[in-house]
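The values are calculated or read from the model by the stated rules, or taken from the named source; none is laboratory data. Since this is a predicted model, take the numbers as computed values, not measurements. So basically every Cβ, Gly included, is an ideal-geometry build from the backbone, and we count neighbours across all protein chains shown. Please note that ligands, DNA and RNA were not included when accessible areas were found on the heavy atoms of the full protein model with its side chains. Shrake-Rupley method; radii C 1.70, N 1.55, O 1.52, S 1.80 Å.
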Amino acid sequence: MITSRTNSIVKEIKKLEQKKYRQAYQVSLIYNDKVINEALSAKQVVCLISDQAMDVDCNQLLVSSEILSYLHPHNHGDLLALVKINQPLPISTNKVLVLDHIQDPGNLGSMLRSACAFGIKDVVLSEGCCDIDSHKVIVSSAGSIFKLNINVCNLESYLQNSNLPTIMSFLDEPTSDSFPDKFNLVLGNENHGIDQKLKQYCDYNYLIPTCFESLNVSVACGIMLANLG
């Protein structure tokens, strides 16, 4: 059992708070039992970190409760896990969620959760989105991130080369009368919306009728995905 903060393994795990080390090691540190169980089911757990041995089919690292709290993002003393970070595959479905410069990890995680809930398998993120492999995004997704194929790329290039019709939401344009069964659904930044340079690729405009100027982007995402089927 590891009991010292100066232990070399503890030091390396602590580095995972920084994006550059997550990318270098290709792992993230996560918490929350439900999220860890999702990662175990998806065979994405590299190692469980606990203060007691567990009956699980994966590597385990035993540490003291003090070290467990030290490594926890919120200084709690519960179970932690090292998980493989996102390894994208080619897009293979005809319903794709496309996210442009989403900055809030909670919003991004919630949108991934909605995508999974409504049967979306492929997600495309702009290069300006927040770090997909941060523990905040993974936990906010309730582990649904392990069920999705997520590609990070230049959105203009992606949309230009995609054969799917594209649905966007611009407040200054009328809403379309109907929507296709196959689509790219593009949602934009919390403050600025979708980048105007992407507007040329919009085939359908989706406005959610409300009594307020706009909805939180993660709420809008859930409503749109539910209605688009």
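Couple of notes before you dig in:
- Number of the condition not met by S65 [criteria: (1) within 23 Å of T3 (Cβ to Cβ); (2) surrounded by 14 or more Cβ atoms within 10 Å (Cβ to Cβ); (3) not hydrophobic (A, V, I, L, M, F, W, C)]: (2)
- Yes/no for D33 being within 13 Å of V139 (Cα to Cα), open to solvent by 50 Å² or more (accessible area, probe 1.4 Å) and modelled with pLDDT under 95: yes
- The lone exception for Q52 - which of (1) touching a Ser or Thr at 6+ places or on another chain (Cβ under 6 Å); (2) modelled with pLDDT under 95 it fails: (1)
- Test: residue in segment 86-96 that is open to solvent by less than 50 Å² (accessible area, probe 1.4 Å), touching a residue at least 40 places away in the same chain (Cβ under 8 Å) and over 14 Å from I2 (Cβ atoms): yes
- Residue match in segment 103-112 (condition: free of Cβ contacts under 8 Å to residues at least 24 places away in the same chain and either surrounded by fewer than 23 Cβ atoms within 10 Å (Cβ to Cβ) or farther than 18 Å from D33 by Cα (or both)): no
- For segment 92-110, the set of residues classified as over 19 Å from K182 (Cα atoms) and β-branched (V, I, T) consists of I102 only.
- Of all residues making up segment 124-157, the number that are β-branched (V, I, T), in a helix (DSSP H, G or I) and open to solvent by less than 20 Å² (accessible area, probe 1.4 Å): 3
- Yes/no for A53 being surrounded by fewer than 20 Cβ atoms within 10 Å (Cβ to Cβ) and closer than 19 Å to V217 by Cα: no
- Contacts under 6 angstrom Cβ, first residue in segment 207-229 being under 16 Å from V98 (Cβ atoms), partner open to solvent by less than 70 Å² (accessible area, probe 1.4 Å) and among the small types (G, A, S), 6 or more apart: S218/S110; C221/S114; G222/S114; L225/S114
- Of all residues in segment 55-72, those that are touching a residue at least 40 places away in the same chain (Cβ under 8 Å) have Cβ atoms under 9 Å from Cβ atoms of residues that are open to solvent by 70 Å² or more (accessible area, probe 1.4 Å) and among the β-branched types (V, I, T), 6 or more apart or on another chain, in L61/I9; V63/T3; V63/I9; S64/T3; E66/T3; I67/T3.
- Residue match in segment 27-49 (condition: assigned to a helix (DSSP H, G or I), without any contact (Cβ under 8 Å) to a residue 60 or more places away in the chain and touching a helix residue (DSSP H, G or I) at 6+ places or on another chain (Cβ under 6 Å)): no
- Subset of segment 182-207 [in a loop (DSSP other than H, G, I, E, B) and buried (at least 19 other Cβ atoms within 10 Å of the Cβ)]: G188, I194, C202, Y206
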